[in-house]
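The values are calculated or read from the model by the stated rules, or taken from the named source; none is laboratory data. Note that the structure is a prediction, hence the values are computed from the model and not measured. Every residue, glycine among them, receives a Cβ derived from its backbone with ideal geometry; neighbour counts consider all protein chains shown. To get the accessible areas, we keep the full protein, side chains included, count just its heavy atoms, and leave off ligands, DNA and RNA. Shrake-Rupley method; radii C 1.70, N 1.55, O 1.52, S 1.80 Å.
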Amino acid sequence: MKPLSWEAAAAASLAVSAVVLFGLGTTFPQVRAFGYAPMLAALIIAWSVNRSFARDLSIIAACLALISAISVEADISWSNIARMGVVLSAVVIGPWLVTRYVFEDKTIQFPLRRGQPWSRLEWAWLVFVVVVAWAVLPQYFMRTGVYLNWPPLTNWSEIIRLFFGVNAVGIWDELFFICTVFALLRKHFSFWTANIFTTIIFVSFLWELGYRSIGPLLTIPFALVQAFIFTRTKSLPYTVTVHLLFDALVFLTIVHAHHPDALPIFIGV
C-alpha cells in the first residue's frame, strides 16, 4: 500500500491520536481528551476506503483507547501494578484471540525460532546494546532529571517492584507494539511505513511512562531498530532479550540515580 493513500492518512491520524493521548496529554492534561478526535477520524477514513484495513486499524484503536483509560505513568504501587497488568494483558491477548478465531487471520504471531542458535552477529549486538545503554542511559536520566519520573525507591520492596515492573513492561512492549501493532500495520504497508507509524505510537506511550525531555532522541531509534531486529531474526525471544538488556540498564540507572553510593557502577554522572 502506498505511503500516500487514504489508508496511510488513517494510520497517520491514529498515530496523531497516540501523540495527543499519551504525549501531549501527559504534559498538558487539559488536551488529553482531544486525542480521541483523530482516532475517530482514522476509523471513519479507514472504514470508508478499505474494510480489511479498517478491521485491523480498529483493533489497534480499541487497544489504544483501552490503554488511555488508565495512567501508565511510573507507579509501582501494588494496585497500579494489578491495574496495568490486567489492561496491558488484555490488549495483547484480545487482538490475538479476535484475529485468530474470529477473523481466522494468523498475522499476529509470536515466533520462537526453535532449533536455530543465535549467530555471532546477534551475540555481538547484545554486547553492543549493553555497552551503549551503560554509557548513554545514566547521562540521559541523571542530567535531565527524568529519573524523578520514577518513585524514589525508599526500601527493598519498591526496588523489587520496580525491577518486576520494568521487565514486565519491556516484554509487553514487544508483544504489543511489535507482534501486534507493527504486524497488523505491516500487513497493509511497507516495512518502513509500518515501522514509522508504530514508532510514533510506541514513543508516545513511553513519554507517558516517563521517558521525557530528550527521551524521544533515544526511544525513536530504539523502536525503529527493534522492529528491524524482529523482522530480520524472526525470533521473539531474541528481540525480547535485546529489550530486557536495555531495560536492565534502565533499572540500574534509576536505582543509581536515587542511591549513587549504593550502586557506583557508572562514570561521568
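Percent of Cα pairs in segment 136-269 per distance bin of 5 Å, from zero to the largest separation: 2, 10, 19, 22, 18, 13, 9, 5, 2, 0, 0.
Please say if segment 1-68 is rounded, prolate or oblate, where rounded means a/c under 1.5 for a ≥ b ≥ c the square roots of the C-alpha gyration tensor eigenvalues, and otherwise the choice is prolate for a/b larger than b/c and oblate otherwise? Prolate is the answer for segment 1-68, as a/c is 1.5 or above and a/b outweighs b/c. The mean sequence separation of alpha-carbon pairs under 8 Å and at least six residues apart, normalised by the residue count of the chain, gives a relative contact order of 26 percent.
Please report, as a whole percent, how much of the solvent-accessible surface of the chain comes from carbon and sulfur atoms (probe radius 1.4 Å). Roughly 71 percent of what the probe reaches on the chain is carbon or sulfur. Using the Cα gyration tensor of segment 1-136, with a ≥ b ≥ c the square roots of its eigenvalues, what is the shape: rounded (a/c below 1.5), prolate (a/b larger than b/c) or oblate (neither)? Verdict is oblate for segment 1-136.
Distance from the C-alpha centroid of segment 38-93 to that of segment 126-203: 18 Å, rounded to the whole angstrom. The phi-based Karplus calculation (6.51 cos²θ - 1.76 cosθ + 1.60; θ = phi - 60°) puts the 3J(HN,Hα) values of segment 187-198 at 4, 10, 10, 5, 4, 6, 5, 5, 5, 5, 4, 4 Hz, whole numbers, x for Gly and Pro. Computed from backbone phi, the HN-Hα couplings of segment 103-115 come to 9, 6, 10, 9, 4, 7, 9, 10, x, 9, 6, 5, x Hz, rounded to whole numbers (Karplus: 6.51 cos²θ - 1.76 cosθ + 1.60, θ = phi - 60°; Gly and Pro given as x). Counting only protein heavy atoms and using a 1.4 Å probe, the accessible area of residue 231 comes to about 50 Å². Rolling a 1.4 Å probe over the heavy atoms of the protein chains gives the chain an accessible area of 48 Å² per residue. Rounded to the nearest Hz, the phi-derived 3J(HN,Hα) couplings of segment 238-246 under the Karplus curve 6.51 cos²θ - 1.76 cosθ + 1.60 (θ = phi - 60°) are 5, 4, 5, 4, 4, 5, 5, 5, 4, where x marks glycine and proline.
Only alpha carbons enter this Debye calculation for segment 115-205, each as an equal point scatterer, and the log10 of I(q)/I(0) it gives at q = 0.19, 0.20, 0.23 Å⁻¹ is -1.20, -1.22, -1.21.
Add +1 for every Lys or Arg and -1 for every Asp or Glu among the other residues with Cβ under 13 Å from the Cβ of residue 211, and state the total.
Counting the neighbours of residue 211, the net charge comes to -3.
With Cα atoms as the point set, the radius of gyration and Dmax of the chain evaluate to 18.7, 60 Å. When you count the other C-beta atoms within 10 angstrom of each residue and take the mean per peptide, 133-144, 234-245, 104-115 line up highest first as 234-245, 133-144, 104-115.
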